[in-house]
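The values are calculated or read from the model by the stated rules, or taken from the named source; none is laboratory data. What you are looking at is a predicted structure, and each value in this text was computed from that prediction instead of being measured. Cβ coordinates were reconstructed from backbone atoms using ideal geometry, including for glycine residues, and neighbour counts include every protein chain displayed. Surface areas here come from the heavy atoms of the whole protein model, side chains and all, with no ligands, DNA or RNA. Shrake-Rupley method; radii C 1.70, N 1.55, O 1.52, S 1.80 Å.
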Amino acid sequence: MPETILVVTEQREGKLNRVSWETLAAGQAIASETGWTLEAAVIGDGVSAIANEIAAKKTAKVYAVESPALKTYTPDAFSAGLKQFLTSRQPKLVLMPHTYQVRDFIPKLATAMGRSVVSDCIGFRKDKDGGKLLFTRQMFQGKFAADVSLQCDAPWFVTFQNGAFRGDKVETGASAAPVEVVKVEIPAETVRTKPQEVFKEAKQAVDLTQAEIIVSVGRGIKEQKNIELAKQLADALGGEIAASRPICDSGWLPMDRQIGSSGQTVAPKLYLALGISGAIQHIVGMKGARSVVAINKDHEAPIFEIADVAVVGNLFDIVPPLIEEVKKAKS
Amino acid sequence: MKILVCVKQVPQKDAPLKLNESGTWIREDVSYEVNEPDAFALEEALRQKEKHGGEVVAITAGPARAQQVLREALAKGADRAIHLEDPGFVGLDAFNTARAFAAAIKDEKFDLIFTGLQSDDYGFAQTGVILADLMGWPHATIIMQIEKSDGGIKVKRELEAGYFQFVEMPLPAVLTIQSGINKLRYATLIGIKQAKNKPLRKVTLAEVQSAIGANLQKIERMYIPQKTKKTEYLEGSPGEIAKKLVDKLRNEIRVL
Ligand SMILES: Cc1cc2nc3c(=O)[nH]c(=O)nc-3n(C[C@H](O)[C@H](O)[C@H](O)COP(=O)(O)OP(=O)(O)OC[C@H]3O[C@@H](n4cnc5c(N)ncnc54)[C@H](O)[C@@H]3O)c2cc1C
């Protein structure tokens, strides 16, 4: 029997998190490279409708893993339920998206099974001899990449970073895959945490999603008073000011101007990054920009990997003449 | 409340990093600092102690140089520290690191363990959650607020895209702390002086060896990521660069 790859998708309140399609695309790519069988699962209570949605894609089988205890997410219930399910199916490889929810429970699940997780991967490859399957992940905040092998028995756990695979490239199956509902038993005392409703902090005062031009500042701006310089540039360009997380954490700009995984996702015509290193949690919020211009004094800053136009230099030298040139061009 | 805080020493944010000869790790002759989320975890532990009383203990695993992050923790107000000291701790995977910590604290009784939500070097985002499972304790990750509640704690979990959620749980528990949960303090001169007399327990690799095993994952090769995008670099004096950039904004990016 060939080995199986199991993609565990993520749903919230009956809706599939679209990053699940990326993980399914990853599973399809690994399946075609290895010849292993691809299966998928969705976890929750009454999730067969989502299972059917997934079954339209190219997979051998889709499981709806169900229990009333899985209705609301808790790390205890999810790892207990999945452990039961995985122990009975014995897949070789278990893939999940590296979401906030997955990173909350997958290390516990793997530990409970005596296994290990290669987390937050951006790709995979076979090693030179074509034997070992390697998973590529970022190291040192994206300054390096590493190919990592698993040294333990199956199941191998791997999570993929948001954007690592194209969700719109997921292949549709010739016919719908069979769906099996699997009931798991989770005793009430397993679940020790009591989650409350998910909420949004405050009404957002600014909507950056519609902005055509965004000037975004990072920690390279050094001091609160220097924000003014970036604002002047944004004003000259007729754009909005935004920032990386540490700037908003420090209260230098309001939270609703934060770009990234825990902030807003934007897609302007121009995203001008001033003194931003380009950590993945920032990139996911702005990689949809049509053009990225980055000014950073470190020529190895990861932001340059996604920049269309790069300026290696001190922003305090470059921004003042830039403001003047923009004003001249506009007048 | 008795709180253990796991802190890690990582290369300084703007330290120029170079690959080692075998291409599996960095050359370690760089300057180091405390992993940023861990600094917030320590700060939160100190604030909880100031509110509710108790003790704050800082723990790290790493070579002799890593003692610096413990000294800083003691100077900021931690009561004592534990150093799992050996260069070998640098190469442990998250499962082994957590197992080593669990072994080192087996005779202690903590109410809470804090870690940063991930480290700037490996970025596993796993050690805290693994430790929770090994201890048999509940946990929550990416925490932005902690309050005592009846019979336990109530914490605010950060979710994606500006969403949050409160979660209640009994103690003892493990929490992984997000940067920005609080405002960091600086060590005072008196604090730095007092730190010298605070207890710092050393644990050797041999003492925890029986609790850990072979790494379950291995870095086969580390390298500088390949650029996939074509990037145009603008060069010249600041004035020249400004002119070239405005030209691009007008004629290619078309926003002027
Ligand atoms: C779960 C999670 C969620 C997160 N969510 C977000 C999020 O939504 N948004 C977000 O932004 N981050 C988020 N982060 C944090 C993220 O990992 C980074 O820490 C953060 O983006 C770094 O911000 P930065 O680039 O401004 O700072 P740094 O990484 O410190 O970079 C500063 C940059 O400025 C450059 N610089 C310094 N001086 C100058 C100068 N004079 N001229 C030019 N360049 C200079 C430096 O070379 C460096 O590259 C999250 C992290 C986690 C773990």
Compute the separation of the alpha-carbon centres of region B:68-82 and region B:26-52 and state it in Å as a whole number.
10 Å
Along region B:119-124, Karplus-curve 3J(HN,Hα) (6.51, -1.76, 1.60; θ = phi - 60°) to the nearest Hz, with x for Gly and Pro, reads 9, 6, 8, 6, x, 5
The size of the Cβ-based charge dipole (Lys, Arg +1; Asp, Glu -1) of chain A about the Cα centre, to the nearest 20 debye, is 80 debye
The long-range amide H neighbours of B:G123, using H built 1.01 Å from N in the peptide plane and a cut-off of under 5 Å, are none
Computed on alpha carbon atoms, what radius of gyration and Dmax characterise region A:162-214, expressed in Å?
21.2, 53
Quick one: work out the % antiparallel among DSSP beta bridges in region B:2-211, nearest 5.
40 percent
Taking a probe of 1.4 Å, how large is the accessible area per residue of the protein assembly as shown, in Å²?
42 Å²
Under 8 Å for C-alpha pairs, at least 6 residues apart: give me the relative contact order for region A:1-62, rounded to a whole percent.
37 percent
Cα-based convex hull, chain B, per residue volume (Å³, whole number):
190 Å³
Highest GNM mean-square fluctuation, chain B, Cα pairs closer than 10 Å: which of B:L19, B:L205, B:L117?
B:L19
Calculate I(q)/I(0) for the protein assembly as shown by the Debye formula, one identical point scatterer on each C-alpha and no solvent, and give its log10 at q = 0.09, 0.11, 0.12, 0.13 Å⁻¹ to two decimals.
-0.73, -1.10, -1.29, -1.47
If you take the accessible area of B alone plus A alone and subtract the pair, what total do you get in square angstrom, rounded to 100, with a 1.4 Å probe?
7400 Å²
Between B:S149 and A:K83, what is the spin-label point distance in nm, taking each point 7 Å from the Cα along the Cα→C-beta axis?
2.4 nm
Other chains' Cβ within 10 Å of A:54-60 residues: what's the mean?
0
Around B:R221, which amide H atoms from residues at least 5 apart in sequence, or from another chain, sit under 5 Å from its own amide H, with H modelled in the peptide plane?
A:D147
In order over region A:12-20: 3J(HN,Hα) from phi, Karplus 6.51/-1.76/1.60, θ = phi - 60°, whole Hz, x for each Gly or Pro, gives 9, 6, x, 10, 6, 5, 5, 5, 4
Taking K and R as +1 and D and E as -1, what net charge do the other residues with C-beta under 12 Å from the C-beta of B:P199 add up to?
+3
With both bridge residues required to lie in the protein assembly as shown, what share of the DSSP beta bridges run antiparallel, to the nearest 5%?
35 percent
Label-point gap, in nm, between B:Y233 and A:E201 - each point 7 angstrom along Cα→Cβ:
3.8 nm
Tally up the carbon and sulfur contribution to the accessible surface of region B:153-255 as a whole percent, 1.4 Å probe, everything protein left in place.
55 percent
Please give the length that would be gained between A:K194 and A:K328 if that part of the chain were fully extended, namely 0.36 nm times their separation in residues minus their C-alpha to C-alpha distance (nm, one decimal).
42.3 nm
Would you please name the chymotrypsin sites (Phe, Trp or Tyr not before Pro) within region A:237-310 that are DSSP coil residues with at most 15 other C-beta atoms within 10 Å of their C-beta?
none
Output wanted: per-residue J couplings in Hz (rounded whole) for region B:134-148, from phi through Karplus 6.51 cos²θ - 1.76 cosθ + 1.60, θ = phi - 60°, x for Gly and Pro.
5, 7, x, 9, x, 8, 8, 10, 6, 8, 10, 5, 9, 10, 6
Local net charge near B:K13, Cβ-Cβ under 11 Å (Lys/Arg +1, Asp/Glu -1):
-3
Scan region B:1-60 for GluC sites (Glu not before Pro) in coil per DSSP, keeping those whose Cβ has at most 11 other Cβ atoms within 10 Å, and list them by number.
B:E21
Residues meeting the amide H criterion for A:S216 (H placed from the backbone, H to H distance under 5 Å, 5 or more places apart or on another chain) are A:A242, A:L272, A:A273, A:L274
Check region A:4-190 and count each lysine pair with an alpha-carbon distance under 13 angstrom, considering only pairs eight or more places apart or from different chains.
6
Can you give the average number of partner chain beta-carbon atoms within 10 Å of each beta-carbon in peptide A:208-214, as a whole number?
1
In whole Å, what is the distance between the alpha-carbon centres of region B:134-162 and region B:228-246?
46 Å
Can you compute the label reach from B:N215? Point 7 Å from Cα along the Cβ direction, backbone N cut-off under 18 Å, restricted to region B:41-67.
B:61-64
Counting all Cα-Cα pairs in chain A, those more than 30 Å apart amount in percent to 44 percent
Need one value for A:313-322: mean number of C-beta atoms belonging to other chains within 10 Å of its residues' C-beta atoms.
4
When we measure straight from the Cα of B:K229, which aspartates and glutamates land under 15 angstrom away, once same-chain ones fewer than 8 places off are left out?
A:E300, A:E305, A:D308
Global geometry of region B:1-136, whether rounded, prolate or oblate, following the gyration tensor of its Cα atoms and the 1.5 cut on a/c:
prolate
Pick out, in residue order, every one of the GluC sites (Glu not before Pro) in region A:165-266 that is DSSP loop and has at most 16 other C-beta atoms within 10 Å; say none if there are none.
A:E171, A:E185, A:E201, A:E212, A:E223
